[in-house]
Amino acid sequence: MCASNYATLDGIVNGANGTFQDYVENNSKPLIWIHFHNTQIGINTRIKNSHIYEQFFTIDKKWTPIEHKIVEIQINSNPFDIITRIQFPIQLVVEHIIHQTQGLTFDQLV
């Protein structure tokens, strides 16, 4: 599941569900590949990065590449005291708690 808004116009937003498929490095740039359950999510990102699919023959064209995010946080008044956080905007989800399901549509509930 996406843990932050990555590409809002493309539907890759906080709470978008998908399945992790692969991790690759493209020119020393790490990418993860997510297969979103809703095929409309990430369609523009897949089109924009269509050249990457040709480099990796094992990557399905339904998977969406996600780059890591770099966030710099100033921790004191000193402008040189900066923490850099590098992470992919995803989190493992085994189940949803009730407040995470608001606004979602499910085919089935157990």
Problem set entry | Options I59, I83: the member that is aliphatic (A, V, I, L, M) and exposed (fewer than 14 other Cβ atoms within 10 Å of the Cβ) | I83
Exercise. List pairs: first in the stretch 14-40 and within 22 Å of I70 (Cα to Cα) and free of Cβ contacts under 8 Å to residues at least 24 places away in the same chain, second aromatic (F, W, Y) and part of a strand (DSSP E or B), Cβ under 8 Å, 6+ apart or cross-chain?
Worked result: Y23/W33
Exercise. Looking only at residues in the stretch 84-110 that are at pLDDT 85 or above and either in contact with an Asp or Glu (Cβ under 7 Å, 6 or more places away or on another chain) or part of a loop (DSSP other than H, G, I, E, B) (or both), which one is nearest to D10 (Cα to Cα)?
Worked result: P89
Exercise. For the stretch 41-64, what are the residues that are touching a residue at least 24 places away in the same chain (Cβ under 8 Å), in a loop (DSSP other than H, G, I, E, B) and at negative phi?
Worked result: I41, F56, T58, I59, D60, K62, W63
Exercise. Out of the residues in the stretch 62-80 that are among the charged types (D, E, K, R), within 16 Å of the chain's Cα centre (by Cα) and at pLDDT 90 or above, which is surrounded by the most Cβ atoms within 10 Å (Cβ to Cβ)?
Worked result: E67
Exercise. Mind checking which residues of the stretch 12-27 are within 16 Å of P89 (Cβ to Cβ) and either outside any strand (DSSP E or B) or among the hydrophobic types (A, V, I, L, M, F, W, C) (or both)?
Worked result: I12, V13, N14, G15, A16, N17, F20
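The values are calculated or read from the model by the stated rules, or taken from the named source; none is laboratory data. Not measured: the values here are computed from a predicted model. Cβ: placed from backbone, ideal geometry, glycine included. Neighbour counts: every protein chain shown.
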